[in-house]
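The values are calculated or read from the model by the stated rules, or taken from the named source; none is laboratory data. For clarity, every value in this text was computed on a predicted model and none was experimentally measured. Ideal geometry is used to build each Cβ from the backbone, glycine not excepted, and the neighbour counts take in all protein chains shown.
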């Protein structure tokens, strides 16, 4: 349970504060950097979906063993469910639309900032960033709740 949570939250932190900024400063074009970040974000989303489900299953099993009930609607389960919701929205709605726009525009840097496709891409990018930030904040809440849970079990 803890490993699943650490992998997901750690991945978000690494992606947001290390990988994405580094890629845009190291690679020779924003187009290449965007391709790398896009691929990494998809991997991060799938890691989050898998580890989120693993966390929920492990947590409910733990609750069932400790308390003879899975506590399906505990605060940590609700937060992880919200994290999964934000992640799936980002992956299947936002990111997929951004991919379609990038394919349409070919090289995004050659498109005017006022072009409707570029405006839409930038709007979706802002939403993607908000969703990842929201997932991270919710995840930090789960970390606190999980730490309290194990701290109180002694």
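Go through (1) without any contact (Cβ under 8 Å) to a residue 40 or more places away in the chain; (2) farther than 26 Å from residue 43 by Cβ; (3) over 19 Å from the mean Cα position of the chain (by Cα) one by one and return the number of the condition residue 120 breaks.
(2)
How many residues are more than 16 Å from the chain's Cα centre (by Cα) and assigned to a helix (DSSP H, G or I) when one looks only at segment 4-35?
Final tally of qualifying residues: 12.
Can you tell me which of 56, 61, 44 is within 12 Å of residue 7 (Cβ to Cβ) and either touching a strand residue (DSSP E or B) at 6+ places or on another chain (Cβ under 8 Å) or free of Cβ contacts under 8 Å to residues at least 40 places away in the same chain (or both)? Break it down into steps so the answer makes sense when it comes.
Working: 56 fails: within 12 Å of residue 7 (Cβ to Cβ); 61 fails: within 12 Å of residue 7 (Cβ to Cβ).
So the residue among 56, 61, 44 that is within 12 Å of residue 7 (Cβ to Cβ) and either touching a strand residue (DSSP E or B) at 6+ places or on another chain (Cβ under 8 Å) or free of Cβ contacts under 8 Å to residues at least 40 places away in the same chain (or both) is 44.
May I ask you to say which residue of 59, 90, 40 is surrounded by 18 or more Cβ atoms within 10 Å (Cβ to Cβ) and under 20 Å from residue 124 (Cβ atoms)?
Numbers: 59 fails: under 20 Å from residue 124 (Cβ atoms); 40 fails: surrounded by 18 or more Cβ atoms within 10 Å (Cβ to Cβ).
Of the residues listed, the single one that is surrounded by 18 or more Cβ atoms within 10 Å (Cβ to Cβ) and under 20 Å from residue 124 (Cβ atoms) is 90.
Among all residue pairs at least 6 apart or on different chains, which show Cβ distances below 6 Å where the first residue, located in segment 94-107, is more than 11 Å from residue 121 (Cβ to Cβ) and the second is at pLDDT below 90 and surrounded by fewer than 19 Cβ atoms within 10 Å (Cβ to Cβ)?
107/31
Of all residues in segment 105-149, how many are surrounded by fewer than 12 Cβ atoms within 10 Å (Cβ to Cβ) and touching a helix residue (DSSP H, G or I) at 6+ places or on another chain (Cβ under 8 Å)?
4
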